[in-house]
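Report on the following structure.
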Amino acid sequence: MKRTKENWLFGHPEDRNEISGLRKFDGEDLHYQERKKAQQETQKKWLEEQKQEKERRRQQELEEERMYAFQTQQANRMRGLLEDELERKKREMQASTRDSNIMLNREKKDRENYELQRKLRDEDDELDHQTRIRIVPPYSNPLN
């Protein structure tokens, strides 16, 4: 017959600490070996997890360093390209300004030369005109 109810006076037979039972003594650890083995396995498992985590972190740091170096290299390359482009545009702008200045200088000289030639021509015309006005035609006697 199965017991369904424990006697409140005696409790469960496993919990009884009687002299005749000698099953459990104070300070005695019946599951010491099993517990120690389980603790060692747990410790070993934790150690492996820590090693894996450390290796993952190391790999992640290496990858981050590699990515940072790559990003820095790309930024430096782009900066170099932009600096080269800027220098090229500066040289083109300077050449354009130089050519423009040469052309303006040439136009100014041509204009000054034209003005000088015009002034000289006007002076010559004025002299010719003055000379013609002052020339008195020889007197001819109409009675003759």
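The values are calculated or read from the model by the stated rules, or taken from the named source; none is laboratory data. Every value quoted in this text rests on a predicted model; they were computed, and no experiment measured them. Virtual Cβ from ideal backbone geometry, glycine too; neighbours counted across all protein chains shown.
So here's what we get for this one:
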quantity: L47, sole failed condition from (1) at positive phi; (2) at pLDDT 95 or above; calculated: (1)
quantity: Given (1) of a type outside the set (G, A, S); (2) assigned to a loop (DSSP other than H, G, I, E, B); (3) modelled with pLDDT of 95 or more, number of the condition R98 does not satisfy; calculated: (2)
quantity: Check on E63, free of Cβ contacts under 8 Å to residues at least 24 places away in the same chain and either within 27 Å of the chain's Cα centre (by Cα) or in a loop (DSSP other than H, G, I, E, B) (or both); calculated: yes
